[in-house]
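Enquirer: This is the structure I want to talk about, given as C-alpha cells.
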C-alpha cells in the first residue's frame, strides 16, 4: 500500500446504491456499509460520537482502520466491528489529518501501529494537549450548556444535545495518543 500525500484522504468511487449496509452490526454513532468485498465505510450519524466518517479494510492478514472518530465510544464500536467481521485484530490505523473528529479515538487502538504524516503528528502534538485539558476543565460548563439546550424543549436540538452528551461522556477518560509512526511524502507498507 502506498500513501503519496501529506494528508491521506479516503476515496470511494462506487455509487451510493452499490454500497451495502452491514445489518448484523449496530452503532448509534455510525452506519457500517460494505463498499466492496474487503472495504467497509463507517458513515457518521448525526447526534452520535463519531462526527466524521471512517472505515476499515481487510487486507488479508492485516486490518487497516482509517481515522478513529471523535470519541472513544465511537472508536470502540468501529474496532469491535472491524475485528468481528475480519476475525483478526486491527494492525494499522491511519490518521488522515489532525482534526479531533479523526484522531480522538486513537487511545482505543494503542496496540496497533498508528500512522500519520509528520505534519499531522506535529500539529496533533502542538494543538491537542491544551484543547483536551481545556475541555476537561470545563466539563461543568459543558453540562450547564447541555442542560440549557434541554430546557429549551426544542426537538430540533435533539441531535446536537445527543452529540454533546457523547462528548461529555468521553471527556473523563480522554487521552491524547499520538501516532507511533510518521512519514514525509509517502509511505509504503
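Enquirer: Any chance you could run the full-extension gain for residue 80 through residue 34? It's 0.36 nm times the residue separation minus the Cα-Cα distance, nm to one decimal.
Expert: Taking 0.36 nm per residue and subtracting the Cα distance, the gain is 15.0 nm.
Enquirer: On C-alpha positions alone, give me the angle between the axis of helix 139-151 and the longest principal axis of the chain, in degrees, nearest 10.
Expert: Around 70 degrees separate the two axes.
Enquirer: Moving to a separate point now. As a check on your grasp of the helix formula, calculate [θ] at 222 nm for the chain: sum -39500 (n - 2.57) over DSSP H runs of n ≥ 4, divide by the residue count, round to the nearest 500.
Expert: -11000 deg cm²/dmol
Enquirer: Give me the compactness ratio for the range 58-122, meaning the Cα radius of gyration over 2.2 N^0.38 Å.
Expert: Normalised by 2.2 N^0.38 Å, the Cα Rg of the range 58-122 equals 1.04.
Enquirer: For 116, 27, 130, what's the fewest-to-most ordering of other Cβ within 10 Å of each Cβ?
Expert: Starting with the residue having the fewest Cβ neighbours, the order is 130, 27, 116.
Enquirer: Here are labelled values, (i) 1.18; (ii) 1.05; (iii) 1.32, and one is the computed Cα Rg over 2.2 N^0.38 Å for what I pasted. Which one?
Expert: (ii)
Enquirer: May I pose another question? Under the rule a/c < 1.5 gives rounded, and otherwise a/b versus b/c splits prolate from oblate, where does the range 120-189 land using the Cα gyration tensor?
Expert: prolate
Enquirer: Sticking with this structure for a sec: Taking a virtual spin label 7 Å from the Cα of residue 151 along the C-beta vector, which residues in the range 158-180 bring their backbone nitrogen under 19 Å of it?
Expert: 158, 160-162, 164-165
Enquirer: What angle do you read, to the nearest 10 degrees and between 0 and 90, between the alpha-carbon axis of helix 72-86 and the longest principal axis of the chain?
Expert: It is inclined by approximately 30 degrees.
Enquirer: Measure off 7 Å from each Cα along the Cα-to-Cβ vector at residue 59 and residue 144, then give the distance between these two points in nanometres to one decimal.
Expert: For the pair residue 59/residue 144, the computed spacing is 4.8 nm.
Enquirer: Rounded to the nearest 10 degrees, what's the angle between the helix 118-137 long axis and the longest principal axis of the chain, both from Cα atoms, 0 to 90?
Expert: The two axes meet at around 20 degrees.
Enquirer: Sorting 159, 140 on the 10 Å Cβ count, fewest up front, what's the list?
Expert: Going from least to most buried by this count: 140, 159.
Enquirer: Count the DSSP beta bridges whose two residues both fall in the chain, then state the antiparallel fraction as a percent rounded to the nearest 5.
Expert: Bridges in the chain that DSSP calls antiparallel: roughly 65 percent.
A short reminder: the numbers here are calculations on the coordinates, not readings from a lab. Worth saying up front: this structure is predicted, and the values here are computed from it rather than measured. Cβ coordinates were reconstructed from backbone atoms using ideal geometry, including for glycine residues, and neighbour counts include every protein chain displayed.
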